[in-house]
Amino acid sequence: MAEELHPEPDRVDGAPHPRETERLIGQTSAEAAFLEAFNAGRMHHGWLITGPRGVGKATLAWRIARFLLATPEGDDGGLFGDAPPTPETLDIPVDHPVARRLLAGSDPGLFRITRTANEKTGRMRDMIVADDVRRLNQFLQLSATDGGRRVVILDCADEMNVQAANALLKMLEEPPARTILLLISHQPSRLLSTIRSRCRELRLAPLNVTDMALALEQAGVNAPDDAAALAELSGGSVGEAVRLINLGGLKIYAELVAIISTLPQLDRARALKLADAAATRGAEDKLDLLLGLTDLLLARLARSGAVGATPAQEAAPGEATMLAKLSGTPLKGRAWAECAQEIGARARHGRAVNLDPAALVLDTVFRIQQTAAG
């Protein structure tokens, strides 16, 4: 019952759950690679779906699950032993019984592994624990009698603790019959090398401006007028784009650019206003976003100095001018990289000790001012 009190950990606020998303946009190469393996009879028991956050990894996993559970095995034959047609797409009709059951969360062939609530505290855990993985054994025992395929979606594998990772590894080393494991990972380098080596990887790429607009439309999210800036700022991630839209991220980043453009002479009034906005009650999400956008801006400053050119696409009005002014040489780029590293460490420490948000923001701005002054 405790889990029902919490939102699904694999759902992005303001967007439909991946099982509710009919189309996967901008990832035709990954879909084609899976279909090729399926049609050639080279199905691996473990698939590692990787790529940046929010580019459709979970949506692909649910599309594969629908496809596998709704598509007959190649050796099943048709009504009179005829070979079934070779699938050309992962699409399954929305009125298919498997599609309806998955949408309702009631298909007996699917098992999900995500973070769960702690039964003692009622709070959502920040990691996947061994018991979450071991429940898979019971599912496999109960579902083995029907003889059909079974699909497991683990979202996301990066969140497993050591004990959970070891429990999963045992299953990958001795894979259950007729079972496909789909592991979603934002940072596969964090996984055990033995887990990675036992899976085939499907890597998804960031979305371009056109695909981003289509994906947001499908999610029912009203995209801002500056779609190119949104795609640049979100790194081609639909999930991040939704978060930016919900929290006013484009406006926050534009204000950051405007403040830093005045350096080394700081516009203190604007800086104080920015700090006060981050210190209001209930603004924790906006503070996290502000710190993340600051880190992104510093990275763009460092990169501009290192390569000797500003990004092809601005993420805010006047950004290119600001980048050229403050980071026109490799030496400046190195200084901004060091500044980003120091600010990141100070921000993490500040959050850990519950430093006043306004003080944390001002401390960050002053450190940036020092770097701009040389």
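The values are calculated or read from the model by the stated rules, or taken from the named source; none is laboratory data. Quick caveat, the model's predicted, so the values are computed rather than measured. Because the Cβ atoms are built from the backbone with ideal geometry, glycine has one as well, and the counts that use them run over all protein chains shown.
One table, with the values for the structure above:
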{"quantity": "Filter result for residue 167 (surrounded by 17 or more Cβ atoms within 10 Å (Cβ to Cβ), in contact with a strand residue (DSSP E or B) (Cβ under 9 Å, 6 or more places away or on another chain) and at pLDDT 90 or above)", "calculated": "yes"}
{"quantity": "Residue selected from the stretch 44-75 under the condition closer than 30 Å to residue 231 by Cα and of a type in the set (S, T, N, Q), by the criterion modelled with the lowest pLDDT", "calculated": "59"}
{"quantity": "Among the candidates 33, 61, residue that is touching a Leu at 6+ places or on another chain (Cβ under 8 Å), in contact (Cβ under 8 Å) with a residue 60 or more places away in the chain, crowded, with 18+ Cβ neighbours inside 10 Å and part of a helix (DSSP H, G or I)", "calculated": "61"}
{"quantity": "Helices (runs of 4 or more DSSP H) fully within the stretch 238-287 counting 2 or more residues that are at pLDDT 90 or above and under 30 Å from residue 27 (Cα atoms)", "calculated": "238-247, 249-261"}
{"quantity": "Among the candidates 316, 335, 324, residue that is farther than 9 Å from residue 302 by Cα and without any contact (Cβ under 8 Å) to a residue 60 or more places away in the chain", "calculated": "324"}
{"quantity": "Condition check for residue 294: over 23 Å from the mean Cα position of the chain (by Cα) and either assigned by TED's automatic domain parsing to the domain that holds residue 261 or buried (at least 18 other Cβ atoms within 10 Å of the Cβ) (or both)", "calculated": "no"}
{"quantity": "Residue 230 vs. criteria in contact with a Leu (Cβ under 9 Å, 6 or more places away or on another chain), without any contact (Cβ under 8 Å) to a residue 40 or more places away in the chain, under 17 Å from residue 314 (Cα atoms) and buried (at least 20 other Cβ atoms within 10 Å of the Cβ)", "calculated": "yes"}
{"quantity": "Which numbered condition residue 245 fails, given (1) more than 18 Å from residue 361 (Cβ to Cβ); (2) touching a Cys at 6+ places or on another chain (Cβ under 9 Å)", "calculated": "(2)"}
{"quantity": "Residues within the stretch 305-316 that are surrounded by 14 or more Cβ atoms within 10 Å (Cβ to Cβ) and within 24 Å of residue 252 (Cβ to Cβ), tallied", "calculated": "6"}
{"quantity": "Failed item, numbered, when residue 104 is tested on (1) modelled with pLDDT of 90 or more; (2) within 24 Å of residue 72 (Cβ to Cβ); (3) surrounded by 13 or more Cβ atoms within 10 Å (Cβ to Cβ)", "calculated": "(3)"}
{"quantity": "Selection status of residue 70, surrounded by fewer than 23 Cβ atoms within 10 Å (Cβ to Cβ), closer than 23 Å to residue 111 by Cβ and in the same structural domain as residue 169 (by TED's automatic domain parsing)", "calculated": "yes"}
{"quantity": "Count of the stretch 36-58 residues which are surrounded by 17 or more Cβ atoms within 10 Å (Cβ to Cβ), part of a helix (DSSP H, G or I) and in contact with a strand residue (DSSP E or B) (Cβ under 8 Å, 6 or more places away or on another chain)", "calculated": "2"}
